[in-house]
Amino acid sequence: MDGKREIVMSGIRPTGFLHLGNYFGAVKNYVRMQEQFDCFFMVADWHSLTTHPDTEALKGHVKRVLAENIACGLDPNKVALYCQSHVHETAELYLYLNMLAYKGELEKTVTFKDKAKQQPDNVNAGLLTYPVLQAADIILHRAKYVPVGKDQEQHLEMARNFVNRFNHRYGDVFPEPFAFNFGEELVKVPSLDGAGKMSKSENQLATLYLADDDDLIRKKVMKAKTDAGPTEPNSAKPDYIENIFLLMKLVCAEEVVAKFDADFNACTIRYGDLKKQLAEDMIKFIAPIRAKAAEIQQDEAYLKQVMEQGAEKARTSAKATMDLVRSAIGLKYY
Ligand code: TRP
């Protein structure tokens with residue numbers, strides 16, 4: 001954090017366990033970014049209230065998410081790693097942005113429509129203005145780069161609209177934020193059942209979590225869908241086999257992948273052996289992260305210190321922005 005580098009900001013939802021898809025699709029990118037940018041990574045506990053008003057499990061989730069991200073390599077000394085609710089300036093900026101956000105556009109947001117369908121008895125205003133709060137999170141640090149997946153593209157477009165309205169009405173305070181990731185496309189981690197991406201919601205057995213123990217990893221990998229193998233040399237791989245190779249490429253040595261690829265092409269592949277290999281290499285990858293996350297999660301004093309240190313950095317940046325915002329709007333009377 002030297003104030004000279006470009007600013008990156010992203011939010012992490014404190015629901016669900018981190019899985020392999022989150023790791024390769026997001027956290028790995030964050031870890032790379034911390035070397036090059038001034039990074040703000042925030043646990044979105046306020047946002048979670050829009051869908052999870054019962055907060056009984058919240059503290060545990062927030063701590064786990066912090067522990068898991070640190071275990072993956074995020075360094076609280078290099079980035080600002082903090083909780084949304086610790087930075088009250090966010091709420092003030094959210095209020096101002098709400099005056100620049102229109103009911104019609106908020107109602108048209110895809111995530112709002114989805115959530116309204118999922119929880120018809122709780123279509124609260126927080127849900128409607130979810131993208132406004134997200135915009136506040138980002139522009140509070142005048143961030144330009146936001147490492148997020150495709151599903152957040154519409155929220156970012158809305159954030160740019162709010163920024164442009166603000167700047168146009170009150171003067172240039174904010175840069176436009178854009179989705180940004182290393183590499184052409186985000187790494188998509190396929191699920192083990194050959195159906196789509198690894199994700200928290202669907203088939204639990206098809207997703208590898210960073211908290212899974214060795215036996216569970218073995219069990220999940222061994223259940224992955226295969227078939228009797230190709231009968232023609234050099235055939236095209238069916239989707240579900242291609243997916244297993246994609247997973248191997250993430251955690252296995254290159255020679256190992258090349259060997260099984262050659263076996264496939266020669267019609268001598270044994271999927272049982274391939275899955276055993278994949279399971280053991282997955283375990284080698286996941287076990288140290290799992291152990292580190294568990295250790296951090298039990299260290300209350302350390303987590304408290306991380307949260308305080310992160311909040312402090314985030315507030316320093318937020319205060320500077322809010323000073324500009326209040327002046328620009330004309331709320332400074334003396
Ligand atoms: N909406 C994001 C998600 O569902 C989480 C989030 C909250 C976020 N605030 C953010 C992402 C700010 C990027 C920037 O994953």
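Every read-out reported here was derived from the displayed coordinates using simple, explicitly stated rules and does not represent laboratory data. Small disclaimer: the values here were computed from a predicted structure and weren't measured. We place every Cβ from the backbone using ideal geometry, glycine too, and count neighbours over all the protein chains shown.
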Query raised in the report: In percent, what relative contact order does the chain have, based on Cα pairs under 8 Å that are 6 or more apart in sequence?
Result: 24
**Report entry** Likely footprinting exposure, Thr111, Thr231, fewest C-beta neighbours within 10 Å first
**Finding:** Thr231, Thr111
Query raised in the report: For segment 121-135, what does the Karplus curve 6.51 cos²θ - 1.76 cosθ + 1.60, with θ = phi - 60°, yield as ³J(HN,Hα) per residue in whole Hz, taken in order and with x for Gly and Pro?
Result: 8, 9, 8, 8, 5, x, 5, 4, 9, 3, x, 6, 5, 5, 4
Query - Net dipole in debye of the chain [+1 Lys, Arg Cβ; -1 Asp, Glu Cβ; about Cα centre; nearest 20] - result: 560
Query raised in the report: From the phi of every residue in segment 317-334, what ³J(HN,Hα) in whole Hz does the Karplus formula 6.51 cos²θ - 1.76 cosθ + 1.60 yield, where θ is phi - 60° and glycine or proline is x?
Result: 5, 5, 4, 4, 5, 5, 4, 5, 5, 5, 5, 4, 6, x, 9, 9, 8, 10
Query raised in the report: Can you give the FRET efficiency for Ala253 and Ala287, using 1/(1 + (r/R0)^6), R0 = 25 Å, r = Cβ-Cβ distance, to the nearest 0.05?
Result: 0.90
**Report entry** Amide hydrogen neighbours beyond the local backbone of Val43, cut-off 5 Å, H modeled
**Finding:** Ile12, Tyr82, Cys83, Gln84
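Tell me the mean residue ellipticity at 222 nm calculated for the chain from its helices only (DSSP H runs of n ≥ 4, each -39500 (n - 2.57), averaged over every residue, nearest 500).
Details: 14 runs with 173 residues, N = 334.
-16000 deg cm²/dmol, from helical runs alone.
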Query raised in the report: Which GluC sites (Glu not before Pro) from segment 44-132 combine a DSSP loop assignment with at most 10 other Cβ atoms within 10 Å?
Result: Glu56
Requested in this report: Could you tell me the convex hull volume per residue, in Å³, taken over the Cα atoms of the chain?
Outcome: 155
Query raised in the report: So, by mean Cβ neighbours within 10 angstrom, what's the order for 325-334, 157-166, 292-301 with the highest one leading?
Result: 157-166, 292-301, 325-334
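On a 20 Å Cα-Cα criterion, which of the cross-link pairs Lys223/Lys292; Lys115/Lys144; Lys249/Lys276 come out too long?
Long pairs (Cα-Cα over 20 Å): Lys223/Lys292; Lys115/Lys144.
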Report task. Could you work out how far apart the two model spin labels at Lys237 and Lys117 are, taking each label as a point 7 Å from the Cα in the direction of the beta carbon, and quote it in nm? Result -> 3.3
**Report entry** Cβ-based charge dipole, segment 88-132, positive-most Cα from Val110, Leu97, Tyr130
**Finding:** Val110
Report task. Enter the Cα centre distance for the pair segment 300-334 and segment 80-108, rounded to the nearest angstrom. Result -> 14
Query - 5 angstrom amide H check on His19, placed H, neighbours 5+ away - result: Leu210
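Restrict the search to segment 206-275; then list the trypsin sites (Lys or Arg not before Pro) that DSSP places in a loop and that have at most 15 other Cβ atoms within 10 Å of their Cβ. Working shown, then result.
Values: sites: Arg218, Lys219, Lys220, Lys223, Lys225, Lys249, Lys259, Arg270, Lys275; in loops: Lys223, Lys225, Arg270.
Those that pass, being in a loop and sparsely packed, are Lys223, Arg270.
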Query - Highest to lowest packing among 113-120, 125-132, scored as the average C-beta count within 10 Å - result: 125-132, 113-120
**Report entry** Förster radius 56 Å - calculated FRET efficiency between Ile329 and Asp215, Cβ distance, rounded to 0.05
**Finding:** 0.45
Query raised in the report: When the dipole is taken about the Cα centre of segment 204-293, and only Lys, Arg (+1) and Asp, Glu (-1) are charged at their Cβ, what size is it in debye, to the nearest 20?
Result: 320
Requested in this report: Mind giving me the nanometre distance, one decimal, between the label points for Thr15 and Lys78, set 7 Å out from Cα along Cα→Cβ?
Outcome: 3.1
Requested in this report: Could you check what % of the DSSP bridge pairs in the chain are antiparallel, to the nearest 5?
Outcome: 15
